[in-house]
1. Among rounded, prolate and oblate, which fits segment 59-105 when a ≥ b ≥ c are the square roots of the eigenvalues of its C-alpha gyration tensor, a/c under 1.5 means rounded, and a/b larger than b/c means prolate?
2. Between Trp9 and Ala112, what is 0.36 nm times their sequence separation minus the Cα-Cα distance? Round to one decimal in nm.
3. Gaussian network model of the chain, Cα springs within a sub-10 Å range: biggest mean-square fluctuation belongs to which of Leu180, Leu30, Leu85?
4. Could you give the size of the charge dipole of the chain about its Cα centre, using +1 on the Cβ of each K and R and -1 on the Cβ of each D and E, expressed in debye and rounded to the nearest 20?
5. Averaging sequence separations of C-alpha pairs under 8 Å and six or more residues apart, then dividing by the length of segment 1-143, give the relative contact order as a whole percent.
6. On full extension of the chain, what length is gained from Ser120 through Ile182, given 0.36 nm per residue of separation minus the C-alpha to C-alpha distance?
7. What is the list of residues in segment 84-128 whose amide nitrogen lies under 18 Å from a point 7 angstrom out from the Cα of Ser31, following Cα to Cβ?
8. Could you pull the Rg and Dmax for segment 2-187, using just the Cα atoms, both in Å?
Amino acid sequence: MASSLLWRWEARFKGVTIAGRLLLAGRPILSVAPGSRLLLGPGVQLNSSVRANPLGCFQPCVLRTLASDAVLELGPNVGLSATALIAGKSIVVGEGTIFGAGALVVDNDFHAPEGEWGWSFDCTTGAKPVRIGRGCFIGARAIVLKGVTIGDRAVVGAGAVVTRDVPAGHRAVGNPARVLPISASARDPKV
């Protein structure tokens, strides 16, 4: 599709490193701060058009690095639908992880109190890296906050707000998210 080719060129022009085949359904919002790194591994799919996901995409995918030393890295075959990943320091997503419609991952607070009633827009102060393992599922409209590590094959339920680590093979559900083991029957369909 000609539009997808144009959007890939736009991504490269903005400084995105594309390490192989990139699948685009609709135009994502991509911004790379000077000196930062935004890397899309082979087979990454960004669903940004309304019809690209069964739930519908109410917004395009948003991938941003906000500071000169920030890193945003998506491993091979990562899939996003109307998802926002915003890195002031570092967000790394492992191979085969998928994000439901409207998921949000941030590694910073965006603003900090300044003076009596003002706000600072320094996204690096207090930023903490986010790491999401391989083969994870981050449900629709889930929020993963700064400093969280999610282990391989973990599941974050729809609408969960994750403020602490989720071990490999576990699930996080609710607001604030509770971390629970995934049942044996869910891991092995033969059980």
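FYI, it's all coordinate maths here, none of it is from the lab. This is a predicted model, so every value here is computed, not measured. In this analysis, Cβ positions are derived from the backbone assuming ideal geometry, glycine residues included, and neighbour counts consider all displayed protein chains.
1. Numbers: a/c = 2.67, a/b = 1.33, b/c = 2.01.
Because a/c hits 1.5 or more and a/b fails to exceed b/c, segment 59-105 counts as oblate.
2. Numbers: separation 103, 0.36 × 103 = 37.08 nm, distance 3.56 nm.
Separation in residues times 0.36 nm, less the Cα-Cα distance, equals 33.5 nm.
3. Greatest mean-square fluctuation among the candidates belongs to Leu180.
4. 640 debye
5. Details: 412 pairs, mean separation 25.7, N = 143.
Once normalised by length, the contact order is 18 percent.
6. Numbers: separation 62, 0.36 × 62 = 22.32 nm, distance 4.07 nm.
Gain on extension, Ser120 to Ile182, equals 18.2 nm.
7. Under 18 Å, as judged by backbone N against the label point of Ser31, lie 84-91, 104-112, 120-125 of segment 84-128.
8. 16.2, 55
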